[in-house]
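Written below as structure tokens is the structure these notes are about.
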Amino acid sequence: DDLWALNDVSFDIEEGSTFGLIGHNGSGKSTLLKLVGGILQPTSGEIVTKGRIAALLELGAGMQQDLTGRENIYLNGAILGLSRKELTKKFDEIVAFSELDKFIDTQVRFYSSGMYVRLGFAIAVNVDPDILLVDEVLAVGDELFQRKCIERVKQFQREGRTIVVVTHSVDQIRMIAGGAAVLDHGKLAFVGEPVDAIREFREK
């Protein structure tokens, strides 16, 4: 049988806004984020984006296990379109944000899940993206780092960047998003104000 992860889903995200994607497990949120990020291609229809995209998807996505944290910064930065020179300039800032200076020359296979998130988030937010895609990772890591991530998201909002967040935390959506979509078994159930989206999600 064919399983459609997403079917007949269509909406616009305003440039410079923060948009939340919510829905129960298996609703298609992460698939949609991967489509927006260009990691997956849609079977039909099209996705139009404008500007550089940095995606922070599931834990450890894009990290090469046998490479060190330092090498992964250069690899991931290159994938996101930065030159070696640009990355060398930003390197200290990335390491400082991740708080992994003691482990930066350790292979990432020895990193904990929290360390993965720290490094991934630090790279994503320091490559100056026009669009930041974030999948659940704001819920991982200790409380202090979460607060630091939220603070950086708010800075991006002030700078007018576009942010798309997938999360199960409706409080996070209420706190940072200006709009939200609810997905239900691959279908679009609702698009609109976060408060209304949360109500719709809770009724599913």
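The values are calculated or read from the model by the stated rules, or taken from the named source; none is laboratory data. Bear in mind the structure is a predicted one, so any value in this text is a computation, not a measurement. Heads up, the Cβs are rebuilt from the backbone with ideal geometry, glycines too, and the neighbour counts pull from every protein chain shown. Calculation scope for accessible area: heavy atoms of the full protein, side chains included, ligands and nucleic acids excluded. Shrake-Rupley method; radii C 1.70, N 1.55, O 1.52, S 1.80 Å.
Are any of the residues in region 1-13 on the phi < 0 side of the Ramachandran plot, in contact with a helix residue (DSSP H, G or I) (Cβ under 7 Å, 6 or more places away or on another chain) and of a type outside the set (A, V, I, L, M, F, W, C)?
Checking region 1-13: not a single residue is on the phi < 0 side of the Ramachandran plot, in contact with a helix residue (DSSP H, G or I) (Cβ under 7 Å, 6 or more places away or on another chain) and of a type outside the set (A, V, I, L, M, F, W, C).
Give me the pairs: first residue in region 163-188 and acidic (Asp, Glu), second residue at pLDDT below 90, beta-carbon distance under 7 Å, and six or more apart or on different chains, which are they?
184/204
Of the residues that make up region 8-20, is at least one open to solvent by less than 40 Å² (accessible area, probe 1.4 Å) and within 21 Å of residue 185 (Cα to Cα)?
yes
Please determine whether any residue of region 39-51 is among the hydroxyl-bearing types (Ser, Thr, Tyr), assigned to a loop (DSSP other than H, G, I, E, B), closer than 29 Å to residue 204 by Cα and open to solvent by 50 Å² or more (accessible area, probe 1.4 Å).
Yes.
Within region 21-38, how many residues turn out to be open to solvent by less than 30 Å² (accessible area, probe 1.4 Å) and part of a helix (DSSP H, G or I)?
Summing the residues that are open to solvent by less than 30 Å² (accessible area, probe 1.4 Å) and part of a helix (DSSP H, G or I) in region 21-38 gives 4.
Considering only region 93-107, state which residues are touching a helix residue (DSSP H, G or I) at 6+ places or on another chain (Cβ under 6 Å), open to solvent by less than 90 Å² (accessible area, probe 1.4 Å) and assigned to a helix (DSSP H, G or I).
94, 95, 97, 98
Determine, yes or no, whether residue 72 is at pLDDT 90 or above, in a helix (DSSP H, G or I), closer than 15 Å to residue 124 by Cα and open to solvent by less than 50 Å² (accessible area, probe 1.4 Å).
Judged against the criteria, residue 72 is a match.
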